[in-house]
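Just below is one structure, and these are the notes that go with it.
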Amino acid sequence: MGCWDLNERPEFSITPSEPTQVLPPRPPAGSGAVVTVGRDRHPYRFIKWLVALVVIALLAVVAAIVDQTFRARAEKDIAATIAKSIGANASTVGVTIHNLPFLGVLVTDELQGIDTTISKATVDRDDTTVTFRDVDIHANGIRHAREESQAVAETMSATGRIDWSELSRLAGGKVTYNDDTGETGRVAIVTVLGARVDVSITAVPGVKTTSRRVTLSSPSASLDDIPIPDVLLKPILDGITSRFTLPDLGNLHYESLKATSQGLDFSLVGTGVKLSDLTGR
């Protein structure tokens, strides 16, 4: 069995994992030598970044103000164009452009969407003149937005109302709301077989999409509380609906009509709708 000599020291080899930095000796006191100490430049770097951030923020604010200014001007111009086409005051037309940023239209020639509200719009198309009330229009994906005559909305929807007085003018007889059912209109016809008599007709209003003609379905009629047979009622209804045609709005089609206490509420939908079809320009 071997013995370990306690007087013999083992040899160790130390291999540093990275180079050892050797510092210069500190000069003795009173030698007049100057020791240069590197200054920390991090505070100056932070100030530079802070200034850059402030400049970027100011530029963003200026850009937002400019963008909003041009947006407001465009909305005002569109409202004025619509008002002129329907014979209304521009203050009664509200326009909101949806596009972030708005000035992106200068590059894409497109707008994401436009919402329009019109309190009163008189539309004159093909010898048909109708006054609409409380119109709301939503247009999405407007292409060729920088050229009014070429602008086209990918999709568009609209709602509004035709007052009973306007319906009476179109029908050539008094049209009122039927309080009994809540969804029909009452029409008073004053010409039957050349004589002026009052005929009371109750029917559910609708609209034919292709012809834009108002329909009166499920009709019932009476003369001095005496029911009128269907065979006599049909020509009377045909005479009313022949005058009951709504204006042509291009690819924006009439979808539905519903009677309310204020008039006939209507809805329209369309794709590929030219904005010039609405303004008539």
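The values are calculated or read from the model by the stated rules, or taken from the named source; none is laboratory data. Just so it is clear, the structure is predicted and the values come from calculations on it, not from any experiment. Heads up, the Cβs are rebuilt from the backbone with ideal geometry, glycines too, and the neighbour counts pull from every protein chain shown.
Brief remarks on what is shown
- Among the conditions (1) assigned to a strand (DSSP E or B); (2) surrounded by 18 or more Cβ atoms within 10 Å (Cβ to Cβ); (3) not polar (S, T, N, Q), ASP124 misses just one, which is (2).
- Whichever residue in the stretch 127-157 is outside any strand (DSSP E or B) and not charged (D, E, K, R) and, among such residues, is surrounded by the fewest Cβ atoms within 10 Å (Cβ to Cβ): SER149
- Selection within the stretch 243-281 - assigned to a loop (DSSP other than H, G, I, E, B) and surrounded by fewer than 18 Cβ atoms within 10 Å (Cβ to Cβ): ARG243, PRO247, ASP248, GLY250, ASN251, THR260, SER261, GLN262, GLY280, ARG281
- LEU264 at pLDDT 85 or above and either within 30 Å of HIS138 (Cα to Cα) or not assigned by TED's automatic domain parsing to the domain that holds SER85 (or both): yes
- Residue match in the stretch 214-235 (condition: within 20 Å of THR122 (Cβ to Cβ), in contact (Cβ under 8 Å) with a residue 24 or more places away in the chain and not assigned by TED's automatic domain parsing to the domain that holds LYS120): yes
- Identity of the residue in the stretch 80-120, assigned to a loop (DSSP other than H, G, I, E, B), in contact (Cβ under 8 Å) with a residue 24 or more places away in the chain and more than 13 Å from the chain's Cα centre (by Cα), that ends up nearest to VAL152 (Cα to Cα): ASP109
- Test: residue in the stretch 256-268 that is in contact with a helix residue (DSSP H, G or I) (Cβ under 7 Å, 6 or more places away or on another chain) and within 30 Å of SER149 (Cα to Cα): no
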